[in-house]
Amino acid sequence: MKKLILFFIFLVLSNFVEAHKPKVRIGNFGNIKTYFTSGFNFNPKTIESEELKMQVVGRLSKLIAEKLGCSDTIMIERKTYYSHDVNQKLFILENNNSQYKLAFLDDGVILKSNNNGLAVRILSGNINVVDVLKLVEYSILNRKKLNQKYIPADYYYGEAKLTISVNSENFIRKICKAQSKLVDEVINNNIELLNNGFLRTKISWKNGKFMFGIDNSSPTGSNYPEFVMNDFEIEDFKYYVDSAYSDFFLIFHTPNIFTYFDGDSECISDKIEVEKSSWYPFQVSRDNFQDKIILFDNKIYFYVYNFKKKLLQKIE
């Protein structure tokens with residue numbers, strides 16, 4: 001245990017996680033353009049589910065546009081945080097403007113329309129992939145009506161504010177509640193989101209669920225024995241931490257509840273609760289200690305988790 005404590009001291013002095021500027025991810029999926037920005041920005045191994053959802057939305061929206069014969073640019077713009085009101089939700093379905101909008105509101109700027117394409121813009125801490133796909137489908141089928149469905153809303157940046165045109169939540173709710181055979185069809189597609197290679201971690205999405213797994217497909221021409229691996233399926237989660245060598249995941253359901261997953265059915269844990277004293281996400285030490293890992297979110301204490309015995313110990 002003394003070695004573990006000394007190692008933890010080294011971690012917090014040399015490599016403790018620090019938040020950076022807001023994360024921005026721009027994607028291109030044919031005529032579908034995505035813009036995603038989030039305050040959750042720590043390191044490449046710690047990813048929130050909302051970022052993965054944007055990949056799914058982009059790829060499946062491309063299929064929807066193809067099936068509806070839409071080749072115009074469609075901008076799907078997403079912002080997950082709003083400092084003035086963290087619970088605020090804003091939706092904008094827009095015709096003839098695939099220019100950025102949410103991206104510059106915090107600068108007090110509304111960019112001039114480019115008079116081209118469509119846009120689905122969402123300010124919300126959490127999204128449902130199926131709902132967003134329904135908004136994309138509706139926008140394509142009803143594009144001529146979109147700009148007639150607005151109400152005014154104030155957007156605050158610092159001590160100033162902008163008045164912007166948005167759709168009412170009731171309008172958006174009706175679209176999302178409606179049935180869509182097309183959306184039901186495309187969500188059956190398997191979307192690969194991460195694959196770190198043979199016997200390493202992978203993530204995919206299908207039919208409204210994330211699938212965490214270990215890639216057991218032997219490289220072409222190799223003589224490796226067949227490895228039996230289990231998957232972990234979940235509809236949504238807060239964030240995941242991929243280990244340094246991509247041989248296991250910590251999947252956080254909430255900021256203080258996680259599941260350990262390494263593909264071995266005997267080691268996959270139930271939900272494990274930890275104390276949360278920091279807004280930082282938990283991080284995992286680079287090195288394992290036989291059947292133990294170290295996780296921490298502050299410089300005061302840390303946890304040692306034995307994934308063989310499924311035991312958690314707090315060290316202060």
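Given a Förster radius of 30 Å and the C-beta distance between THR163 and LYS89 as r, what FRET efficiency does 1/(1 + (r/R0)^6) yield to the nearest 0.05?
E between THR163 and LYS89, to the nearest 0.05, is 0.95.
LYS314: which aspartates and glutamates have alpha carbons under 20 Å from its alpha carbon, excluding same-chain residues fewer than 8 sequence positions away?
Output for LYS314: ASP270, GLU273, GLU275, ASP287, ASP291, ASP297.
Per residue, how much accessible area does the chain have with a 1.4 Å probe, in Å²?
Computed with neighbouring chains in place, this is 51 Å² per residue.
For the range 143-280, compute Rg over Rh where Rg is the Cα radius of gyration and Rh is the Kirkwood radius from the inverse mean 1/r over Cα pairs.
1.13
Carbon and sulfur atoms: what percent of the 1.4 Å accessible area of the chain do they account for?
Carbon-and-sulfur percentage of accessible area, whole number: 48.
Quick one: among ASN147, ASN95, ASN41, which has the greatest mean-square fluctuation in a GNM of the chain with alpha-carbon springs under 10 angstrom?
ASN147
Return the long-range amide H neighbours of GLU77 (sequence gap of 5 or more, or a different chain), with a cut-off of under 5 Å between placed amide H atoms.
TYR35, VAL120, ARG121, ILE122
What's the longest uninterrupted piece of the chain once you rule out the chymotrypsin sites (Phe, Trp or Tyr not before Pro) that are loop residues per DSSP with at most 12 other Cβ within 10 Å?
The longest such stretch corresponds to 1-244.
The values are calculated or read from the model by the stated rules, or taken from the named source; none is laboratory data. Since the structure is predicted, the reported quantities are computational estimates derived from the model, not experimental observations. Counting neighbours? That spans all protein chains shown, and the Cβs are built from the backbone with ideal geometry, glycine included. Only protein heavy atoms, including side chains, enter the accessible area calculation; ligands, DNA and RNA are left aside. Shrake-Rupley method; radii C 1.70, N 1.55, O 1.52, S 1.80 Å.
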